[in-house]
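**Q** The structure is given below, and queries will be raised subsequently.
Quick note: the coordinates plus some simple rules give every number you see, no bench work behind them. No experiment lies behind these values; they were computed from the predicted model shown. Positions of Cβ are generated from backbone atoms using ideal geometry, with glycine treated the same way; all protein chains shown enter the neighbour counts.
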Amino acid sequence: MKESQIKIKYNRLINELKKHNKLYFENSSPEISDKEYDEIKKEILNLEKKFTYLNSTFSPSNSLGFVPSKNFIKSSHRVKMLSLSNAFGINDLKNFEKKIFNYLSDKIKVEFSVEPKIDGISASLTYKDGVLVLGASRGDGFTGEVITENLKTIEDIPQKITNKDFPKDIDIRGEVFIKKNDFNKLKNDFANPRNAASGTLRQKNPDETKKIPLNFIAYTYGYFKNDKIKKQSEFLNSLQRWGFKTNEHNKVLNSIDDLENFHKKFEKDRFDLEYDVDGLVYKINSLELQKRLGFTANSPRWAIAHKFSADSAYSQITDISIQVGRTGALTPVARIKPVNIGGVVVSNATLHNEDEIIRKDIRLGDTVKVERAGDVIPHVVLVDLKKRGKNSKKFVFPKKCPCGFDTIKEFNKITKKFEAVRRCPDRGFQCEKIAVEKIKHFISKEALNIDGLGKKVVEKFWDLKLIRFPQDIFNLNYTQISKLDGWGDLSVSNLKYSIDESKKVSLDRFLYSIGIRHIGIENAKLLAEYTKTISNFLDFVKNKKFDEFLNIDGIGETQINSLKKFFENKSNYKIIEKLSSLLNITDLKLKKEGKLLNNTFMFTGKLLNMSRAEAKSLIEENSGSVVSSVNKKLKYLIIGEKPTNRKVQHAKELGIKILSQKEWLSLLD
Ligand code: IVH
């Protein structure tokens, strides 16, 4: 992959993470499971490891979570609230231990404090002279929301502590959560116990919080001048003496093998617990070693969360149907006897593609293990062969699309393999299945964003033959629609309004909305930046100047071939021409704003808590630029620790403004 493509992939992942952070932290309604979320994070971190030029302020290696909601007063944590890196298996654990040994340059025997990881919301409680004076949420790790009054409604949280050995000034940290039983009573309001805890804790009115039984378990400290306690396990015991609840399953173990064995057992037993646990936390027990090991950007080197796998259940396949997606991909879906997986009734599970069916030898009538992670589509993991009937036959994947076209498997020039996915070759609107999906894409959020016209409505209008092509949306027969069941005057006028609103669309969104394979939102942006106007773009297409797009950093042969194939079909060109006359497609705006617009910066010396790469991207995100030498064009020289004197001197001579890191950051708020 080219550097530009890697960057695109990376940015896509960062954007995805941002979206899910918002859903999780701001809306309290995640769309994906923790496991899926962790996978996105892991992929980002892996990319950063492999390609060191990648960086983003929003990377999990920089920020710790999502900015807190605007509704609460904020408070800076005296010691930042960290997150934990994750382990998913024994190899990750061995790696964790290896890194510790490497860091300490010593293969010493270590003890681990093992603590169940309750799936709730972390909170920090500041006690001064034994009195609870401040309670805050984690927020972005640096700044949390002040939720003292809400936290005070929780019985497990002591408000006054009189023990002689209780530190004069300390932040106690732990997890706020709701028990499964209590959650059952709130099922209609929240998706899961974690959301219920988060939603309840962030009520503006503490009386509302009081109505829901929240619990608190303490497990660590933030600010704390400690000279007596030597081990995490001792600290946990002290917490108990001081009146906090700690987890009854906390224990100390001595080796990675012991951790793995305990994890295996606990993973099964966890269902009997009163609360949801999503893994185990292992911490090096010695506080002195913890101190020596310290932290990476946002997680301690001395601790890790060993996650449990997703929920699963066994059920029987009653049918296998084929779904056709927007790009023509045929996706087999297993219809299964309804089964409850982690509180959700599941009756469909994806089989991914033809190759997966062959690899797992999945057949009609098979009893299969179905895994469901959060809200993502459940999938078939394996077949229970012992339960297979004698007469069972291999599943024959259809070679024809439901529309009648012969399907194909494309050859991937890069991997030099045929794709696993079988596709309907139609690139126009001939295949009905693809056409409906294309229209759904056309109206979707990142495309024309017509919110009055959801996917279900598209299907309905399709069945009623009200739409066949995207342009039909702009010529709807509203009189006919107003006579349909469920369509009142108000909904019709809302629909009309949102369709009219969508007519003004920027070129990049428009190019994305057409649904050309391999032209996602990022590539559409690149094409729009290059062609600038829709008429230019149409000109490129008309004169078949696709190869010129190879000049664009980020556009490669895959995209060019896809564009060529798309426009080989004359009807596609006609559709776009038609749309361009119906819509107001605006040219892509060049960056005209940003706090640092038209400003050039240069660094000298080491920055605090920030790599050069991050600092550079921060400047660029705000429309500034970074240069590498002191000259008249330079506006600001930012000075870190141990700057190069010659550079500072030179800058002074040229009258260039000199900023400390703090002064520079204050330009950005
Ligand atoms: S220690 C550096 N201990 O897991 C220490 N965290 O990803 C970080 N959590 O935000 C916290 N149980 O909400 C710690 N026994 C435990 C925990 C625990 C649950 C949560 C906590 C934290 C997240 C870390």
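**Q** Binned at 5 Å from 0, what are the whole-percent values of the Cα-Cα distance distribution for segment 118-218, short to long?
**A** All Cα pairs, binned at 5 Å, distribute as 2, 14, 24, 24, 17, 10, 5, 2, 1, 0 percent.
**Q** Now for a separate question. Show me the trypsin sites (Lys or Arg not before Pro) within segment 338-410 that DSSP assigns to loop and that have at most 12 other Cβ atoms within 10 Å of their Cβ.
**A** Qualifying residues, ordered by number: LYS390, LYS393, LYS394, LYS399.
**Q** Where Rh denotes the Kirkwood radius from the mean inverse Cα pair distance, what is Rg over Rh for segment 615-669?
**A** 0.95
**Q** Then there's this: Once you have the alpha carbon radius of gyration of segment 164-246, what is it after dividing by 2.2 N^0.38 Å, with N set to its residue count?
**A** Ratio of Rg to 2.2 N^0.38 Å for segment 164-246: 1.34.
**Q** Per residue of the chain, what 222 nm ellipticity follows from adding -39500 (n - 2.57) for every DSSP H run with n ≥ 4, rounded to the nearest 500?
**A** One gets -10000 deg cm²/dmol as the mean residue ellipticity at 222 nm.
**Q** For the chain, calculate the relative contact order in percent as a whole number, restricting contacts to Cα pairs under 8 Å that are 6 or more residues apart.
**A** 10
**Q** Could you compute the FRET efficiency for HIS650 and PHE51, with r as their C-beta to C-beta distance and R0 at 35 Å, rounded to 0.05?
**A** 0.60
**Q** Quick one: Debye curve from the alpha-carbon atoms of segment 217-297 only, equal weights, vacuum; give me log10 I(q)/I(0) at q = 0.24, 0.26 Å⁻¹ to two decimals.
**A** -1.32, -1.38
**Q** Okay, next question. Can you pull out the GluC sites (Glu not before Pro) in segment 69-162 whose DSSP state is coil and whose Cβ has at most 12 other Cβ atoms within 10 Å?
**A** GLU155
**Q** Additional query: So how compact is the chain: Cα radius of gyration and Dmax in angstrom?
**A** Looking at the chain, its Cα Rg and Dmax stand at 28.8, 89 Å.
**Q** Once Rh for segment 205-358 is found with the Kirkwood sum over Cα pairs, what is the Stokes-Einstein diffusion coefficient at 20 °C and 1.002 mPa s, in µm²/s?
**A** Rounded, D is 106 µm²/s.
**Q** Mind listing P(r) for segment 563-602? All alpha-carbon pairs, 10 Å bins, whole percents.
**A** 21, 26, 21, 17, 14, 1
**Q** Also, I was wondering about something else. Antiparallel versus total DSSP beta bridges in the chain: what percent is that, nearest 5?
**A** Rounded to the nearest five, the antiparallel share is 80 percent.
**Q** Can you list residues whose amide H is under 5 Å from ASN348's amide H, if they're 5+ apart or on another chain and H is modeled 1.01 Å from N?
**A** ILE336
**Q** From largest to smallest, what semi-axes in whole angstrom does segment 397-542 give when each is the square root of 5 times an eigenvalue of its alpha carbon gyration tensor?
**A** 30, 23, 12
**Q** Can you tell me the FRET efficiency between LYS409 and GLU248 if r is taken as the Cβ-Cβ distance and R0 is 56 Å, rounded to the nearest 0.05?
**A** Efficiency, rounded to the nearest 0.05: 0.55.
**Q** Karplus couplings for segment 634-639 from phi (6.51 cos²θ - 1.76 cosθ + 1.60, θ = phi - 60°), rounded to Hz, Gly and Pro as x?
**A** 6, 9, 10, 10, 9, 9
**Q** Could you go through segment 400-409 in sequence order and give the Karplus-derived ³J(HN,Hα) for each residue, using 6.51 cos²θ - 1.76 cosθ + 1.60 with θ = phi - 60°, rounded to whole Hz, and x for Gly and Pro?
**A** Running phi through 6.51 cos²θ - 1.76 cosθ + 1.60 with θ = phi - 60° gives 10, 6, x, 7, x, 5, 6, 8, 9, 10 Hz.
**Q** Further question on the same structure: Amide H to amide H, which residues 5 or more places from ILE229 or on other chains are under 5 Å from it, using H placed in the peptide plane?
**A** Amide H neighbours of ILE229: none.
**Q** Just from the alpha-carbon atoms, what are the Rg and Dmax of segment 271-399 in angstroms?
**A** Computed over the Cα atoms of segment 271-399, radius of gyration and Dmax are 20.6, 65 Å.
**Q** Quick one: if you stick a label point 7 Å off each Cα along the C-beta vector at ASP269 and LYS662, how many nm between them?
**A** For ASP269 paired with LYS662, the spin-label model returns 5.1 nm.
**Q** From the backbone phi of segment 486-500, what are the Karplus-calculated ³J(HN,Hα) couplings (6.51 cos²θ - 1.76 cosθ + 1.60, θ = phi - 60°) in whole Hz, Gly and Pro given as x?
**A** x, 10, x, 4, 5, 5, 5, 6, 4, 4, 4, 4, 5, 5, 4
**Q** Give me the compactness ratio for segment 488-610, meaning the Cα radius of gyration over 2.2 N^0.38 Å.
**A** 1.39
**Q** Loop only by DSSP, 14 or fewer other Cβ within 10 Å of the Cβ. Give me the trypsin sites (Lys or Arg not before Pro) in segment 511-606 that pass, ordered by residue number.
**A** Passing sites in segment 511-606 are LYS532, LYS544, LYS545, LYS589, LYS591, LYS592, LYS595.
**Q** Another question about this same structure. For a quick check: with amide H placed at 1.01 Å from N, whose amide H comes under 5 Å from ILE467's, ignoring anything fewer than 5 positions away on the same chain?
**A** TRP462
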